Amino acid sequence: MILFTKYRIKQLVTALAVILFFGCESNFKEVQKINFTEFTPGGDADKVNLKYTDSGLIKVILISPKMLDYISVAFPFTEFPKGIDVTFYDDKAQKTHVTSNYAVSYKQTGIIDLQGKVRISTEKGQLLETEQLYYDQKNEWFFTEKRFKFTDTKGVSNGQGIDFSRDFKVVKSQKITGEFESSEK
């Protein structure tokens, strides 16, 4: 009789455990769905061609095959997963051309993160190449701690870490090597 009772209790406990296991898994999946927020863009655009003007003059033209706008997240940003091609115009209509394979623009800070084969060129023959570069829109200032190659009419330099104004009038570089033509005699 005792053996029969122990066997019966074992069956009952096993059946109860199976019921609870399958019953809880269903509820657990529902709880996961409640706490899950889908990270989707508020805006999605293909073949973007944006023109920014000031006082009737074009200041910036941005071209990108894809733009995703995450406006409804806590720290809003705009992503360009297939890269960007940007042309800046100064007051004398001189162009600065920027390209990268990927870019993210953070709305609250005004910082743009450019990544993958970043190239900046000017009409004066200056060219900067690097793998990642940040742009501070408010101060019109570029900076990176990554390796770079800078070419202009005076020569070619390589280094790690550089920051400069959008028009290349002020350039501060770190750990630099290269050959330059000197104007001193």
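Applying the selection to segment 128-137, what residues are over 13 Å from the mean Cα position of the chain (by Cα) and buried (at least 16 other Cβ atoms within 10 Å of the Cβ)?
L128, E129, T130
Restricting attention to strands (runs of 3 or more DSSP E) lying wholly within segment 76-185, give those where 3 or more residues are within 21 Å of L50 (Cα to Cα).
In segment 76-185, 77-80, 84-89, 95-100, 102-106, 111-122, 127-136 are the strands (runs of 3 or more DSSP E) which contain 3 or more residues that are within 21 Å of L50 (Cα to Cα).
Kindly indicate whether any position in segment 65-85 is among the basic types (K, R), at pLDDT 90 or above and closer than 23 Å to E140 by Cα.
Taking every residue of segment 65-85 in turn, none turns out to be among the basic types (K, R), at pLDDT 90 or above and closer than 23 Å to E140 by Cα.
So, in segment 52-75, exactly how many residues are open to solvent by 70 Å² or more (accessible area, probe 1.4 Å), within 21 Å of the chain's Cα centre (by Cα) and closer than 11 Å to Y89 by Cα?
1
For segment 32-51: of the residues being loosely packed, with under 10 Cβ neighbours inside 10 Å and not in a strand (DSSP E or B), which is modelled with the highest pLDDT?
F39
Is it true that some residue in segment 144-155 is of a type in the set (F, W, Y), crowded, with 16+ Cβ neighbours inside 10 Å and under 17 Å from V171 (Cα atoms)?
Yes, the conditions are met somewhere in segment 144-155.
Any idea which residue in segment 76-101 is farthest from the chain's Cα centre (by Cα), counting only those that are open to solvent by 60 Å² or more (accessible area, probe 1.4 Å) and of a type outside the set (S, T, N, Q)?
Filtering segment 76-101 for residues that are open to solvent by 60 Å² or more (accessible area, probe 1.4 Å) and of a type outside the set (S, T, N, Q), the one farthest from the chain's Cα centre (by Cα) comes out as K92.
Being open to solvent by 50 Å² or more (accessible area, probe 1.4 Å), within 16 Å of E79 (Cα to Cα) and among the β-branched types (V, I, T): is that true of T109 here?
When the stated conditions are applied, T109 passes them.
The values are calculated or read from the model by the stated rules, or taken from the named source; none is laboratory data. A quick note: this is a predicted structure, and the numbers were derived from the prediction, not measured. Using ideal geometry, Cβ is built from the backbone for each residue, glycine included, and neighbour counts are taken over all protein chains shown. We work out accessible area using only protein heavy atoms, side chains counted, and drop any ligands, DNA or RNA first. Shrake-Rupley method; radii C 1.70, N 1.55, O 1.52, S 1.80 Å.
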